[in-house]
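First the structure, in the form of C-alpha cells, and then the observations on it.
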Amino acid sequence: GLDPGQYQVCVRPPGGDLVYECWNDAYVLSEAPLVDVRTADRTGIDIALIHGRTISGRVSLPAGADPQSLRGVSIAVESIAANGTVRSALTTNVSPDPVTGAYAVTALPPGSYRVRFDAYGYWNDAGEFVTPPLAGFWYATARTPAAATLLDLSAQSRTGIDATLLRASGTVSGTVDL
C-alpha cells in the first residue's frame, strides 16, 4: 500500500508509439493533478494510453554544401501550450539520417508543435572537427520562434515537414577575458 499523502499517477510506456501520460489526460508531470489518499483510498484513477503522433520530413543541404554536413544537423520539436509557452518536458531533439536527411519524431501527444532545424559542428571522416557554414531556422523558414509555423497534431500526424538549410551569411567574433 501507499503511505497517506498526495501522488501524481503517470504511466511511461516501454517504447513504441504509445504516449507517456498521467491521470486526467496530462502529458507532462508538471501538469498532472494530485491524487489525494491522505484520508481514504481512491478508485477510478484510470489512464487510457494513446498512440502518439509523428512529425517527419527530410532535411536538405544548399547547393555546394559538403554532404557530410548532415552529420551536424539537429531537429528540435517543441510542444507549445495553449498560452503560447514551451512545454519543456515535451521538447525532443533528433538527428536526420546522415545520408538521406530523413527524420521522424514519434510518440508525440496531441497538441501544437514548432520545429527548428540547426547545424552544429561534427567530426568528419578525416577526424577533423568541422563547423559547417549553415544557418538554422524555424519551420517554415522563420528566424524567430514567434514567426514559426505551428503544427497542429491534435487529430493526426504531419509528414512532409521538410527543410533546406541556409548558407550562413555573417559571422560574430571576439575574445573572452577572464
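Descriptive notes on the structure:
- Note, ³J(HN,Hα) from phi for segment 156-168, Karplus 6.51, -1.76, 1.60, rounded to Hz, x at Gly and Pro: 7, 6, 10, 10, x, 8, 9, 8, 10, 4, 9, 6, 5
- Residues whose amide H falls under 5 Å from that of Gly111, counting only those 5 or more places apart or on a different chain, are Leu153, Ser154, with hydrogens built in the peptide plane.
- Of Ser88, Ser154, Ser74, Ser169, the order by accessible heavy-atom surface (1.4 Å probe, DNA, RNA and ligands excluded), from most exposed downward, is Ser169, Ser88, Ser154, Ser74.
- The Cα center of segment 84-113 and the Cα center of segment 150-178 differ in position by 12 Å.
- Largest to smallest accessible area among Trp23, Trp138, Trp123 [probe 1.4 Å]: Trp123, Trp23, Trp138
- Heavy-atom accessible surface of Ile45, to the nearest 10 Å², is about 40 Å², with a 1.4 Å probe and all protein chains retained.
- Think of the chain as having a plus end and a minus end, set by charges on the Cβ of Lys, Arg, Asp and Glu; of Leu108, Ser60, Ala89, Ser60 sits farthest toward the positive end of this dipole.
- Charge context of Asp46, other residues only, Cβ under 14 angstrom, K/R +1, D/E -1: -1
- Using the Cβ of Ser112 as centre and a radius below 14 Å, the other residues enclosed give a net charge of +2, where K and R count +1 and D and E count -1.
- Distances between placed amide hydrogens fall under 5 Å for Thr91 paired with Ser79, all partners being 5 or more residues away or on another chain.
- Karplus 3J(HN,Hα) series, Hz, for segment 45-56 with 6.51 cos²θ - 1.76 cosθ + 1.60 (x for Gly, Pro): 8, 9, 10, 9, 5, 10, 6, x, 8, 10, 10, 9
- The chain: most fluctuating residue of Ala81, Ala107, Ala163 per GNM, C-alpha cutoff 10 Å: Ala81
- Here the accessible area of segment 1-158 is 50 percent carbon and sulfur, with a 1.4 angstrom probe and all protein chains present.
- Amide H contacts of Leu134 (H built 1.01 Å from N, in plane; Pro and chain starts excluded): Ala168 sit under 5 Å, all sequence-distant by 5 or more or on other chains.
- On a per residue basis, the chain carries 59 Å² of accessible surface, using protein heavy atoms and a 1.4 Å probe.
- Comparing mean-square fluctuations of Tyr139, Tyr120, Tyr103 from a GNM of the chain with C-alpha springs under 10 Å, the top value falls on Tyr120.
- Karplus-derived 3J(HN,Hα), 6.51/-1.76/1.60, for each residue of segment 25-31, Hz, glycine and proline x: 6, 8, 9, 9, 4, 5, 9
The values are calculated or read from the model by the stated rules, or taken from the named source; none is laboratory data. Quick caveat: nothing in here was measured; it's all calculated off a predicted structure. A quick note on method: Cβ atoms are made from the backbone with ideal geometry, for glycine too, and the neighbour counts reach across all protein chains shown. Note: accessible area is taken over every heavy atom of the protein model, side chains too, but ligands, DNA and RNA are not part of it. Shrake-Rupley method; radii C 1.70, N 1.55, O 1.52, S 1.80 Å.
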